[in-house]
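Undergrad: To start, I am sharing the structure in question, which I have written as structure tokens.
The values are calculated or read from the model by the stated rules, or taken from the named source; none is laboratory data. Just so it is clear, the structure is predicted and the values come from calculations on it, not from any experiment. All Cβ positions, glycine included, derive from the backbone under ideal geometry; neighbour counts span all protein chains shown.
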Amino acid sequence: RKSSEKNCNLCLPRLYSLGHVGANDNGIYQAQLNRAKGTRTIAQVNAGTEAAWESQLARLAAYKSEHGDCNVPVRWANDPKLGQWLATQRKQKRYMETGRSCGLMTLHRVAQLNDLGCVWEYPQGGRW
């Protein structure tokens, strides 16, 4: 089993063992080693993934402009993917806070969502 390791930049999976890596896996080995050491930064996250995340953040900002908050319903008819994306960000932040593997959530991304006015907890007795 993999356990998770918290890092100030990115939550990363811990490796089982580095001894099983073959000679032909040098590039993969080095990437895994860097990740295990916590040396991977936000700049090293896949550029396509980063661009997609920024695009969703911009869509969330547009939602806030129109509605006055960031409480996108999970199944919002106008943009179902935005509601699902925001639900995923909330889940990844919870995972990050508890030390579980949190996908690509970073403290920088949390700060960006906070600056936008993201609400992280469900309203009392409510649903998104």
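Undergrad: Name the residues in region 79-124 that are touching a Lys or Arg at 6+ places or on another chain (Cβ under 8 Å) and of a type in the set (Ser, Thr, Tyr), would you?
TA: If the condition is that a residue be touching a Lys or Arg at 6+ places or on another chain (Cβ under 8 Å) and of a type in the set (Ser, Thr, Tyr), then 101 is the only one that fits.
Undergrad: Would you mind stating whether residue 111 is assigned to a helix (DSSP H, G or I) and over 16 Å from the mean Cα position of the chain (by Cα)?
TA: Considered against the rule, which asks whether it is assigned to a helix (DSSP H, G or I) and over 16 Å from the mean Cα position of the chain (by Cα), residue 111 comes out as no.
Undergrad: From the set of residues in region 57-85 that are aliphatic (A, V, I, L, M) and without any contact (Cβ under 8 Å) to a residue 40 or more places away in the chain, which is surrounded by the most Cβ atoms within 10 Å (Cβ to Cβ)?
TA: 82
Undergrad: Same structure, new question: Would you point out the residue of region 99-109, among those that are more than 14 Å from residue 56 (Cβ to Cβ) and modelled with pLDDT under 90, that is surrounded by the most Cβ atoms within 10 Å (Cβ to Cβ)?
TA: So, considering only residues that are more than 14 Å from residue 56 (Cβ to Cβ) and modelled with pLDDT under 90, the one surrounded by the most Cβ atoms within 10 Å (Cβ to Cβ) is 102.
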